[in-house]
Amino acid sequence: MNSTTPVTIAVDIMGSDGGMEATLGGCLRYLQNHASTRLILCGNEQKISAFPMAGELRSHFADRMELHHCEDVVTMTDKPMLMVRRGRNTSMWHAIELVKTGEAGAVVSCGNTGVLMAMSVLQLRMLEGIERPAITALWPSNRGRCVVLDVGANVEANANQLVQFAIMGEAFFRALEGKEKPSVGLLNVGAEELKGHELIRTAAKILREADPKMAFHGFVEGDDIAKGTVDVIVTDGFTGNITLKTAEGTARVIGAWIKEVMTQSLFTKLGAALMMGGLKKMRARMDPSNVNGAPLLGLNGLVIKSHGSADETGFCSALEIADSLVRHPFQEEIKATIAKVRERAVKVQTEEKEVS
């Protein structure tokens with residue numbers, strides 16, 4: 001599927017920390033830049049119509065945008081299991097349902113992550129051979145950007161699940177960046193083969209023996225993420241989420257320090273004015289909005305989680321990622337690779353038993 005093939009994306013327009021100005025503004029910006037995509041906005045029609053951007057969307061893009069009224073909305077305090085039973089009238093549930101029925105190729109939501117995950121798994125189910133979904137994060141690095149997963153879906157993950165995360169991350173990076181053989185590393189406390197607990201060493205062994213086509217780098221450490229040592233960094237959701245939040249906090253602190261230094265005196269303000277072009281580029285590279293949009297990999301359908309606090313630039317970025325992925329057969333690649341790895345892993349285990 002090429003960039004001119006018409007696709008449809010379902011949008012859960014409700015639930016943003018920044019309000020519907022962010023989600024509606026992101027949709028407007030996205031439609032202005034993409035002539036081959038339709039959007040189905042899911043949300044409370046009365047609340048949406050109160051925003052001027054809704055009128056602008058209708059007047060300029062009536063042929064490429066439709067609104068599905070949903071009475072209820074998922075809030076950030078709602079419990080996943082409760083909303084799975086009682087949230088059938090919410091904008092989030094309906095947006096996911098459009099992917100299930102094939103009316104949309106992807107869904108984008110900035111709502112409650114836990115509820116989004118639970119509703120998506122219930123409606124779309126898992127890809128064959130995948131045990132658990134994983135949340136990805138795009139990460140700026142010295143070599144461009146890399147992918148880290150899982151960053152919050154699974155507090156714990158066993159060796160086989162880490163292997164599955166690696167396969168999904170590799171296919172995702174290939175789809176997004178066009179790199180034929182992305183390099184993959186397992187996040188560990190050291191790069192040496194003997195470092196780390198048995199679980200992660202087992203995962204490394206499976207990847208080396210069962211997927212020889214993968215560009216498996218081995219173990220990487222925390223500082224390798226920013227260095228861009230590998231394209232895909234694999235870890236459990238507990239470690240990944242802490243790493244992600246630490247990096248986001250560090251970026252904000254550094255940004256605040258730079259602003260403080262540059263506005264201390266007349267001379268520093270003059271220097272900042274002279275460096276404005278470079279400072280804007282650096283701010284753009286550090287801005288999470290420019291890499292917003294985390295796919296929930298492993299589902300039998302494409303679900304993109306936008307950051308709840310994303311502005312219209314960030315929400316547009318999430319729509320851009322959905323647009324790129326829905327046009328790429330990376331889901332089929334994941335299923336094919338998983339099947340081959342499972343087959344080869346069984347063969348290796350059988351051979352080891354025969355030798356012993």
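What follows is calculated from the coordinates using simple rules that are stated; it is not laboratory data. Every value quoted in this text rests on a predicted model; they were computed, and no experiment measured them. Quick reminder, even Gly has a Cβ in these numbers, built from the backbone with ideal geometry, and neighbours come from all protein chains shown.
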Counting only DSSP loop positions in the stretch 1-101, the GluC sites (Glu not before Pro) whose Cβ has at most 12 other Cβ atoms within 10 Å are Glu71
Place a point 7 Å from the Cα of Glu343 in the direction of its beta carbon; the residues of the stretch 189-206 whose amide N falls under 20 Å from it are 206
Within the stretch 119-152, DSSP-loop trypsin sites (Lys or Arg not before Pro) with at most 14 other C-beta atoms within 10 Å are Arg125, Arg143
Formal net charge of residues neighbouring Lys213 (Cβ-Cβ distance under 9 Å; K, R +1; D, E -1): +1
Sequence-distant or interchain residues sharing an amide H contact under 5 Å with Ser183, placed H: which? Asp231, Val232
For Met262, Met117, Met81, which order do you get if you count the other beta carbons within 10 Å of each Cβ and list the fewest first? Met81, Met262, Met117
FRET efficiency (Ser59, Met275; Cβ distance; R0 35 Å; to 0.05) is 0.25
Report the full-extension gain for the segment Asn89 to Val155: residue separation times 0.36 nm, less the Cα-Cα distance, to one decimal in nm. 20.8 nm
With θ set to phi - 60° and the Karplus curve 6.51 cos²θ - 1.76 cosθ + 1.60, what are the ³J(HN,Hα) couplings of the stretch 117-131 in order, to the nearest whole Hz, using x for Gly and Pro? 5, 5, 5, 5, 5, 5, 7, 9, 6, 8, 4, 4, x, 9, 7
At a Förster radius of 30 Å, what calculated FRET efficiency corresponds to the Cβ-Cβ distance of Val189 and Lys213, to the nearest 0.05? 0.60
Between Lys79 and Asp17, what length in nm is gained on full extension when 0.36 nm per residue of separation is reduced by their alpha carbon distance? 20.6 nm
Amide H partners (placed H, <5 Å) of Met126, local residues excluded: Asn300
Residues with amide H under 5 Å from that of Gly196, placed H, sequence gap 5 or more: Val189
Based on other C-beta atoms within 10 Å, arrange Thr136, Thr77 from fewest to most. Thr77, Thr136
Of Lys179/Lys245; Lys79/Lys335; Lys100/Lys245; Lys245/Lys335; Lys47/Lys305; Lys245/Lys340, which ones are farther than 24 Å apart at the Cα? Lys179/Lys245; Lys79/Lys335; Lys100/Lys245; Lys245/Lys335; Lys245/Lys340
How much of the DSSP bridge set in the chain is antiparallel, in percent, rounded to the nearest 5? 25 percent
Any aspartates and glutamates whose Cα falls less than 12 Å from that of Lys181, other than same-chain ones fewer than 8 residues away, would be Glu170, Asp231
Once each part is reduced to its C-alpha centroid, what is the distance from the stretch 133-164 to the stretch 19-59 in angstrom? 31 Å
